[in-house]
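I have a structure here, written as structure tokens, and I will follow up with some questions on it.
The values are calculated or read from the model by the stated rules, or taken from the named source; none is laboratory data. As the structure is a prediction and not an experimental result, all values here were calculated from the model. Glycine gets a Cβ as well: all are built from the backbone with ideal geometry, and neighbour counts include every protein chain shown.
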Amino acid sequence: MDRAGGRCQCTWRRHPAHRGDEGGRCEQTTDGVRLISAPADPGPRPDRKVVSLPVEELRAWCPGCWDEAVRVARRQARAAERIAHRDAGLFDLQEVSV
């Protein structure tokens, strides 16, 4: 939290707390909300991340930004899975006996 200066470190421009200054950085601070220390990239299943990540891979998050980051990661994972499933049979060639 000290490295973050007591401020959420996300850059999600769609979050309501973002005002567009400093590249869209969230304005939530430890004064207004309790921040959490969590992986910089939460992925679709942050509960499966290794608990002992190096400090360089952690960020300070406000709860709203963290929840949004997880939702986006889950949406992206589902979209990738749909594309992979859709394309799975596209290049499957069966051997043909002549």
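Can you find, within region 46-81, the residue that is modelled with the lowest pLDDT among those that are charged (D, E, K, R) and surrounded by fewer than 10 Cβ atoms within 10 Å (Cβ to Cβ)?
Arg48
When only residues in region 25-43 that are in a strand (DSSP E or B) and touching a Lys or Arg at 6+ places or on another chain (Cβ under 6 Å) count, which is farthest from Arg78 (Cα to Cα)?
Thr29
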